[in-house]
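Down below is the structure, laid out as structure tokens.
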Amino acid sequence: RNPITLAKNITIPTYLQIAQGRGWTMDGTIDLFDTVQGPKKLDILAYPPMNSRPFVDAHDEMFAWYDYWIKGIDNGIMDEPAVSVHVEGSNTTETGTQFPTKEIEHRNLYLRPRHVLAQSPEPLGPEYAAPESFTQLPMTLTNDTAVISWSTAKFTEPTELMGTGAAHIFAAIDQDDTNFILRLWDVAPNGRRQLVTTGYLKASQNELDEERSTEGNPIHPHTSKAPVTPGEINEYVIRIYPFAATFMPGHQLLAELSNNEPMSDEHNSLLPPDAFHLPIGRPTTTTVYRDALHESRLVLPYVK
């Protein structure tokens, strides 16, 4: 059912472009670039994720591509690097032969009490580092989105991240299913924030493809579903979709977890009104454990 299984049959020249901000759209585009067999290029553009309307973006690149492959004009476009990536935060461009364009290493950021993201795990057990909960009501009752968040300390030097990641969340829910919606933000010293990337997981589709998944790159087949036992603590592994961002000195990385998406905020107000995931339709309480026995963590792609 995944069209990417047919992409290996594509041998014609292919030029792919995608803008940062929605995460999952980048994931599919990069996967397509990695799979097609013909001459190819990939441009990862700057935030926000929606092109201008009327469509005026990237015309120069399109004409150059068509001029070369259709008209035979040797304009040098195939001498350029195959992959070009706009890095948010630093507003720089990185190039290479693949994404990520640089060597990376996945590092852990642990969820800790008092809404902290830290490089070391919580040393205390759940009897002292008690879990925290939030309840999402259905949209028949409220438009509000219940959110729980964790934040790093302020960065002291430019820190570049590029690639995919993962969130390992130990949680219990009081229903047989829910959404886990993770959003990562770059928060400036003045409080202004920009969405970096996202991650989505249906609790009942937590199954991993063990052969294809690696640390920081979980892959869910989404071919079956298993209802959740209410009250049972499970480790949910959420894929964090590809991104490229440099967190500048004084900025913080903020991770938000919810079961719903707000209809309007700094990011969603940029999108059409049909571009959201909805809650399951029943009041749902999610309890998140982050203690010595349940090391909830983010696994993020740091550039070496």
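The values are calculated or read from the model by the stated rules, or taken from the named source; none is laboratory data. Small disclaimer: the values here were computed from a predicted structure and weren't measured. FYI the Cβ positions are ideal-geometry reconstructions off the backbone, even for glycines, and counts take in every protein chain you see.
Of all residues in region 5-34 being part of a helix (DSSP H, G or I) and of a type in the set (Val, Ile, Thr), which is surrounded by the fewest Cβ atoms within 10 Å (Cβ to Cβ)? Talk me through it step by step, then tell me what you get.
Residues of region 5-34 part of a helix (DSSP H, G or I): 5-9, 24-34.
Cutting the leftovers down to of a type in the set (Val, Ile, Thr) gives us 5, 25, 29-30.
On the way: Thr5: 9, Thr25: 16, Thr29: 19, Ile30: 22.
For region 5-34, the residue satisfying everything is Thr5.
Out of all the residues in region 124-136, which are part of a loop (DSSP other than H, G, I, E, B) and either surrounded by fewer than 15 Cβ atoms within 10 Å (Cβ to Cβ) or modelled with pLDDT under 95 (or both)? It would help to see each step written out before you state the result.
Pass one, region 124-136, residues part of a loop (DSSP other than H, G, I, E, B): 124-131.
Within region 124-136, Leu124, Gly125, Glu127, Tyr128, Ala130 qualify.
Return a yes/no flag: does region 177-198 have any residue that is hydrophobic (A, V, I, L, M, F, W, C), under 22 Å from Phe33 (Cα atoms), out of contact with any helix residue (DSSP H, G or I) (no Cβ under 6 Å at 6 or more places or on another chain) and in contact (Cβ under 8 Å) with a residue 60 or more places away in the chain.
The first filter runs over region 177-198 and keeps only residues hydrophobic (A, V, I, L, M, F, W, C), leaving 180-182, 184-185, 187-188, 195-196.
Applying the additional criterion that residues be under 22 Å from Phe33 (Cα atoms) yields 196.
Subsequent filtering for residues that are out of contact with any helix residue (DSSP H, G or I) (no Cβ under 6 Å at 6 or more places or on another chain) retains 196.
Okay, now just the ones that are also in contact (Cβ under 8 Å) with a residue 60 or more places away in the chain, so 196.
Within region 177-198 (the criterion being hydrophobic (A, V, I, L, M, F, W, C), under 22 Å from Phe33 (Cα atoms), out of contact with any helix residue (DSSP H, G or I) (no Cβ under 6 Å at 6 or more places or on another chain) and in contact (Cβ under 8 Å) with a residue 60 or more places away in the chain), the answer is yes, since at least one residue qualifies.
Go through region 199-228 and give me each residue that's in contact (Cβ under 8 Å) with a residue 24 or more places away in the chain and either under 24 Å from Val147 (Cα atoms) or in a strand (DSSP E or B) (or both).
Those that are in contact (Cβ under 8 Å) with a residue 24 or more places away in the chain and either under 24 Å from Val147 (Cα atoms) or in a strand (DSSP E or B) (or both): Gly199, Tyr200, Leu201, Lys202, Ala203, Ser204, Asn206, Gly216, Asn217, Pro218, Pro227, Val228.
Determine, yes or no, whether Tyr66 is over 30 Å from Ala167 (Cβ atoms) and hydroxyl-bearing (Ser, Thr, Tyr).
yes
Could you tell me whether Ala167 is assigned by TED's automatic domain parsing to the domain that holds Arg239 and in a strand (DSSP E or B)? Before the answer, list the steps.
Working: assigned by TED's automatic domain parsing to the domain that holds Arg239: yes; in a strand (DSSP E or B): yes.
Yes; evaluated as a whole, the condition is true for this residue.
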